[in-house]
Amino acid sequence: MAIYHFNTHPIGRAAGHSAVAAAAYRSASRLVDERTHEVFDFTRKRGVMSAEVVTPDGVPVPDRAALWNSAEVAERRKDSRVAREWRIALPHELDASQRRELALEMAKIIANRYQVAADVCIHAPDKQGDDRNFHVHILATTRTIDKDGKLGDKPGTKSVIELGNKDRKKVGIPGTSQGDILELRREWAAAANRAFERAGLDIRIDHRSYKEQGVELTPTRHIGADAVAMDRRGLEADRIDIHNADRQEQARQITERPEIILDKITA
């Protein structure tokens, strides 16, 4: 089965992060943070297969440096969210062109839904990791972009997904941020499945948990990039052991009861 991995997290100053630095690293480029005068040069980074900015329909595409410096300048608080990252596993069953098309399609969905700009950076698998681990970093602005390609810097220009649920209710916006994320998880599964169909592949992914799908398998637990890095350096990483044990338990369950998963992969 194709791998399903779709998560999101904010990038904020409270943790000492910079939108300019994040964009430079993910795109393997050299960017200067005009607010702090720091230079972030990641041009020697390997494994970035493509990097391009996506905007809502009808909105001109800004220069990467101008976009992320605008994102930094727009925020005045020391604990501001300056970007939001969506990290998504791209199907290794697709070729490079098909993966790029799929990543841009999902970025466009996010851009149109929230009227934001998104930096779409596709990374190849790490040489020391799983060679199927193609993935995309979609770095989205937390403020809306106008029809002239300018990022908002006034109150009321924060994108909906950045608003707390109480703030959404005050201005009459239905739903919750968690509900938005769940809906985008559904959108990703639908987009990926359309890509499989276009490629003539009899593969499908499902955004739901094993429990919601009625699959009696022990779910694996997210271990995080830090634990993976520790494991590669030969250091102790308890979460790696937990993850490996979970995968071994899944394999045991499937071996003993193949019907658990057979219906899902032959549907």
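The values are calculated or read from the model by the stated rules, or taken from the named source; none is laboratory data. These figures come from a predicted structure and were not determined experimentally. Please note: Cβ atoms are built from the backbone with ideal geometry, for glycine as well, and neighbour counts cover all protein chains shown. Just so you know, the surface numbers come from the protein's heavy atoms only, side chains and all, with ligands and any DNA or RNA stripped out. Shrake-Rupley method; radii C 1.70, N 1.55, O 1.52, S 1.80 Å.
Brief remarks on what is shown
- Test: residue in segment 61-77 that is closer than 18 Å to ILE161 by Cβ and either among the acidic types (Asp, Glu) or under 13 Å from the mean Cα position of the chain (by Cα) (or both): yes
- Output for segment 34-86, where each listed residue is touching an Asp or Glu at 6+ places or on another chain (Cβ under 8 Å) and among the small types (Gly, Ala, Ser): GLY47, ALA51, SER70, ALA74
- Residue within segment 54-63 that is open to solvent by 80 Å² or more (accessible area, probe 1.4 Å), of a type in the set (A, V, I, L, M, F, W, C) and within 28 Å of ALA124 (Cβ to Cβ) present: yes
- Among the residues of segment 195-206, not one is under 24 Å from GLU85 (Cβ atoms) and out of contact with any helix residue (DSSP H, G or I) (no Cβ under 7 Å at 6 or more places or on another chain).
- Note on segment 147-189: residues that are open to solvent by 40 Å² or more (accessible area, probe 1.4 Å), out of contact with any helix residue (DSSP H, G or I) (no Cβ under 8 Å at 6 or more places or on another chain) and closer than 18 Å to LEU102 by Cα total 3.
- Single match in TYR25, TYR4 (criterion: within 21 Å of LEU184 (Cα to Cα) and either aromatic (Phe, Trp, Tyr) or modelled with pLDDT under 95 (or both)): TYR4
- Selection within segment 1-27 - open to solvent by less than 70 Å² (accessible area, probe 1.4 Å), assigned to a loop (DSSP other than H, G, I, E, B) and touching a residue at least 60 places away in the same chain (Cβ under 8 Å): ALA2, TYR4, HIS5, SER18
- With a requirement of 1 or more residues that are modelled with pLDDT of 95 or more and within 27 Å of GLU75 (Cα to Cα), the helices (runs of 4 or more DSSP H) lying completely within segment 113-221 that satisfy it span 177-198.
- Residue check, LEU139 touching a strand residue (DSSP E or B) at 6+ places or on another chain (Cβ under 6 Å) and surrounded by 13 or more Cβ atoms within 10 Å (Cβ to Cβ): yes
- Scanning segment 70-88 for residues that are open to solvent by 10 Å² or more (accessible area, probe 1.4 Å) and not in a loop (DSSP other than H, G, I, E, B) turns up SER70, VAL73, ARG81, ARG84, ARG87.
- Selection within segment 96-115 - over 25 Å from LEU151 (Cα atoms) and either open to solvent by less than 20 Å² (accessible area, probe 1.4 Å) or of a type in the set (A, V, I, L, M) (or both): ALA96, ARG99, LEU102
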